[in-house]
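To keep things clear, I will list the structure first and then write my remarks on it.
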Amino acid sequence: MGVTDPAGPVMDRDEVDRALARLDAEHEAIETSLLALQDHAGRRLLEGATLTGTTRERWASAEASITLLWAYFDAYTDALRSARDIRARRRWSSREDLVELTELLRGESVTVAGSATATANAPTLSGSGRLSQSFSLVTLVERMNQLYASSLDMVVTSDAVWSALPARIDLLAAELQRTRRLAHSVGVRPGEHPAGDDLERITRVLTALRERVVSDPLAFWVPAQGSSAPGGGRPDTTVYDREARALEDVRREIDAVLTVRQDAEQRLVRLRDVLSRADRTLAEARTARGEVLAKIAATEVPVVSGPPTVLQEQLATAAEYRRHAQWHRLSPLLESLEQKAEDELLRARESLTAVTAPLAVRAELRGRLDAYKAKVARHGLAEDPFLIERYDAARRMLWSAPCDLRVAEQAVLRYQHAAVDLLSTPRVPEQGGPQDRRGEQ
């Protein structure tokens, strides 16, 4: 075979036929891809949308690329048609035909003329300074693949964002409107309740988010790391997810308010009951203090304070909120009052315990004295004069008013020690006389 410049060795008929078959298959695949790109829903949306930001810039480049793609494809189609015509001249192609086919199939024989706009915006021709270029068919296919991949990536990513985010935002916005109506029904309004302010803010954010997603979808795309496939990545839902969580928090707050509306009366009744019990306990503590001061001497009895009027005032305010259906105000007030009421009841009980402590000490001493008297009686020593004297002294102190607890305790201890000593002494019967009254322990 001869040599041509720059296509290289002249192809034989079999090489030409194989090359034409391969190019025919590539032509069909490219045409199918271009038609699919032309009919892609994302491309149609891009053509009809008012774009901003990154999406507007990339769509201008993608449009130029698509224009060049068709120009390249038309040139490729013409070159392939010419090659088929030359090959069809004769069943056995002449050398001149093979030289021409070799130049056409392997040389830079395809010239593509582009518009100034396409040349300026398409990434493959940017900076070349020419409105036309010559390619070999192989190079032309490579250029078409590059342009197709970049254009498809832009179209697919935009379509993916548009398919994912606006619909979700609309659903969230519909849920937001339902929540706003519910909030309004329970008095949760902007300027009056934090949840009402949150609903206003979420509304503004979602409105702005949807507008930006529609006009600049590529601003909400996160490319996949290490992926070169068109459309590799995912929509960025960070802002959407944040507002969805905020709306859920508001819904929980409103549910709490609704719960207040349903059981407000029961909770108010329970509050009145708890405060009433606290008042009665404090009254009992004050009465007990008077009794202690009268019956117990030489002891300090804590002062019992009266019921706090602020809780009653807040309870009246809560009842007023309920009458006027101000549930958003009633909810936090009830929660605060319930805790304060329980604390007040606990304080009243502690006051009663502290006030009646001296009486409890006296009762314990009385019980201990009687317990030892019973023990002594079981051992037959109830008539012992010494024990009777100690018992009577302790009893007079414990059953007299006012009772000096310190002196009474010492008297009980003396009786207790005397009883222990007597119970631990062995009993020895006297000869010729009556038995000793003291029995063995």
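Where nothing but the Cβ of Lys and Arg (+1) and of Asp and Glu (-1) is charged, how large is the charge dipole of the stretch 248-296 around its Cα centre, in debye to the nearest 20? Before the final figure, lay out each step's value.
On the way: 11 positive and 10 negative charges, 80 e Å.
I would put it at about 380 debye.
Keeping every protein chain in place, order Tyr415, Tyr321, Tyr240 by accessible area at 1.4 Å, biggest value first, i.e. largest first.
Values: Tyr415 10, Tyr321 55, Tyr240 30 Å².
Largest accessible area first, the residues go Tyr321, Tyr240, Tyr415.
Report the calculated FRET efficiency for Arg406 and Arg270 (r = Cβ-Cβ distance, R0 = 51 Å), to the nearest 0.05. Don't skip to the answer; put the middle values down first.
Numbers: r = 44 Å, r/R0 = 0.87.
Efficiency, rounded to the nearest 0.05: 0.70.
Roughly speaking, what is the centre-to-centre gap between the stretch 199-231 and the stretch 364-392 when only Cα atoms are used, to the nearest Å?
Using only Cα atoms to place each centre, the spacing works out to 92 Å.
If you place +1 on the Cβ of every Lys and Arg and -1 on the Cβ of every Asp and Glu, how big does the dipole about the Cα centre of the stretch 300-391 come out, in debye to the nearest 20?
Details: 13 positive and 14 negative charges, 51 e Å.
Roughly 240 debye, rounded to the nearest 20.
Counting Lys and Arg as +1 and Asp and Glu as -1, each charge on the Cβ, what is the dipole of the chain about the Cα centre in debye, to the nearest 20?
2140 debye
Would you pull out the residues with amide H under 5 Å of Trp221's amide H, same chain only if 5 or more places away, H placed 1.01 Å from N?
Residues meeting the criterion, in which the H sits 1.01 Å from N, are Asp236.
With point charges of +1 on the Cβ of Lys and Arg and -1 on the Cβ of Asp and Glu, referenced to the Cα centre of the chain, which listed residue (Gly196, Ala341, Ala164) lies farthest in the positive direction of the dipole?
Of the candidates, Ala341 comes out farthest on the positive side.
Evaluate the distance, in nm, between pseudo-label points positioned 7 Å from the Cα of Ala113 and of Ala316 along their respective Cα→Cβ axes.
9.6 nm
Order of 383-389, 208-214 by packing, highest average Cβ count within 10 Å first?
Details: 383-389: 13.7, 208-214: 16.9.
Going from most to least packed, we get 208-214, 383-389.
Quick one: with all protein chains in place, what share of the accessible area of the chain is carbon or sulfur, to the nearest percent (1.4 Å probe)? All intermediate terms of the calculation are to be shown ahead of the outcome.
Numbers: 12180 of 23990 Å².
Taking all protein chains in place, the chain shows 51 percent carbon and sulfur surface.
What is the packing order of peptides 11-17, 31-37, taking the mean over residues of other C-beta atoms within 10 Å and listing the highest first?
Details: 11-17: 15.6, 31-37: 13.7.
Descending mean neighbour count gives 11-17, 31-37.
Send over a whole-number figure in Å² for the accessible area per residue of the chain, probe 1.4 Å. Before the final figure, lay out the partial values.
Working: 23990 Å² over 441 residues.
Here the residues of the chain average 54 Å² of exposed surface.
Going toward the positive end of the dipole of the chain, with +1 on Lys and Arg Cβ and -1 on Asp and Glu Cβ, which of Ala393, Ala83, Leu176 do you reach last?
Projecting each Cα onto the dipole axis, the largest value belongs to Ala393.
With the cut-off at 1.5 for a/c, could you classify the chain from its C-alpha gyration tensor as rounded, prolate or oblate? Present the calculation step by step, with values, prior to reporting the outcome.
Values: a/c = 7.45, a/b = 3.32, b/c = 2.25.
Prolate shape, in that a/c is at least 1.5 and a/b is the bigger ratio.
Among Gly306, Val155, Val250, pick out the residue whose Cα is farthest towards the positive end of the charge dipole of the chain, where Lys and Arg carry +1 and Asp and Glu carry -1 on C-beta, about the Cα centre.
Gly306
The values are calculated or read from the model by the stated rules, or taken from the named source; none is laboratory data. All figures in this text were calculated on a predicted structure; none of them were measured in a lab. A quick note on method: Cβ atoms are made from the backbone with ideal geometry, for glycine too, and the neighbour counts reach across all protein chains shown. We work out accessible area using only protein heavy atoms, side chains counted, and drop any ligands, DNA or RNA first. Shrake-Rupley method; radii C 1.70, N 1.55, O 1.52, S 1.80 Å.
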